[in-house]
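Colleague: Have a look at the structure that comes next, please.
The values are calculated or read from the model by the stated rules, or taken from the named source; none is laboratory data. Being a predicted model, the structure only gives us computed values, none of them experimental. For neighbour counting, all protein chains shown are included, and Cβ atoms are generated from backbone atoms with ideal geometry for every residue, glycine included.
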Amino acid sequence: MKYIYIITICLLMSAYSVNAQNETIVPIENWCTVNLSDDIYYFKDVNNYLDKFVGVWVYSNNNTYLKLEIIKETHQDMNGGFPLNLDDFEDYIVISMQYMENGIEKYNSLPLTINRDNPRMSGNNIDANNTNKIKITYAEPSLISCERIMQADLFLEFLGENPNQLQWIRVDGLPDYGSPNICPSGVEDDTSFLIPANLILAKQ
């Protein structure tokens, strides 16, 4: 019985080793240059470009307060919690936030969790021409049961050290009216985004 158990463990370890060896590692900044095939790809932060974004960042003035908590996740499957049947993996940053206006809290997805149902933003689209900049699909929590139909991209740029600063630029797109994935039932949230489009945050 012990012999069978050892053989089983060895077979499992061998299968894991084969799968790991079959992964083709692609630096995340070269994502767009890859012609995808049936191979298993790992879009990896080989050069640690994501690390500069990790940490706690704050913007605060008299009536606006935004706090970001950013972590880096590695070797995550690309299905994103959906039944996409993708075998590929990726590294990315995850953003959770607290936003207040005039001392009144509007959003709070802190503390940051890896639960994909928790409102957050994530991405790894590093600009190959400026590796201090990353593009992320923008999202703010909806205040009703349906998702907000407004769409936008968020550009974060690390501005350098002493002090560590992060530029936040949101570029709005067209509303996604009528998408069944946004509101299967109820009234669509067609409200505008609350957080300002242009900010400079300081690392804490």
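Each row is one residue, and each column tells you yes or no for (1) modelled with pLDDT of 95 or more; (2) among the hydroxyl-bearing types (S, T, Y).
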site: D51; (1), (2): yes, no
site: V58; (1), (2): yes, no
site: Y65; (1), (2): yes, yes
site: K72; (1), (2): yes, no
site: D87; (1), (2): no, no
site: N102; (1), (2): yes, no
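Colleague: Restricting to the range 138-156, what's the tally of residues that are in a strand (DSSP E or B) and either crowded, with 19+ Cβ neighbours inside 10 Å or not acidic (D, E) (or both)?
Modeller: Number of matching residues: 5.
Colleague: Still on this structure, please answer the following. Report, ordered by the first and then the second residue, all pairs with beta carbons closer than 9 Å, sequence separation of six or more or different chains, a first member in the range 123-137 that is on the phi < 0 side of the Ramachandran plot and surrounded by fewer than 16 Cβ atoms within 10 Å (Cβ to Cβ), and a second member that is part of a loop (DSSP other than H, G, I, E, B) and modelled with pLDDT under 95.
Modeller: Pairs found: T137/Q151.
Colleague: Mind listing whichever residues of the range 32-63 are surrounded by 12 or more Cβ atoms within 10 Å (Cβ to Cβ), closer than 30 Å to I104 by Cβ and either free of Cβ contacts under 8 Å to residues at least 60 places away in the same chain or not hydroxyl-bearing (S, T, Y) (or both)?
Modeller: Of everything in the range 32-63, those that are surrounded by 12 or more Cβ atoms within 10 Å (Cβ to Cβ), closer than 30 Å to I104 by Cβ and either free of Cβ contacts under 8 Å to residues at least 60 places away in the same chain or not hydroxyl-bearing (S, T, Y) (or both) turn out to be F53, V54, G55, V56, W57, V58, S60.
Colleague: Is at least one residue of the range 167-186 touching a Gly at 6+ places or on another chain (Cβ under 7 Å), farther than 23 Å from I71 by Cα and either surrounded by 12 or more Cβ atoms within 10 Å (Cβ to Cβ) or at pLDDT below 85 (or both)?
Modeller: So in the range 167-186, the residues touching a Gly at 6+ places or on another chain (Cβ under 7 Å) come out as none.
No, the range 167-186 contains no residue that is touching a Gly at 6+ places or on another chain (Cβ under 7 Å), farther than 23 Å from I71 by Cα and either surrounded by 12 or more Cβ atoms within 10 Å (Cβ to Cβ) or at pLDDT below 85 (or both).
Colleague: Assigned to a strand (DSSP E or B) and either in contact with a His (Cβ under 7 Å, 6 or more places away or on another chain) or modelled with pLDDT of 70 or more (or both) - does that describe any residue in the range 3-23?
Modeller: Checked against the condition, which is being assigned to a strand (DSSP E or B) and either in contact with a His (Cβ under 7 Å, 6 or more places away or on another chain) or modelled with pLDDT of 70 or more (or both), the range 3-23 yields at least one hit.
Colleague: Please go through the range 32-51 and give me each residue that is closer than 18 Å to L156 by Cα and either among the acidic types (D, E) or in contact with a Phe, Trp or Tyr (Cβ under 6 Å, 6 or more places away or on another chain) (or both), ordered by number.
Modeller: Hits for the range 32-51 are D45, D51.
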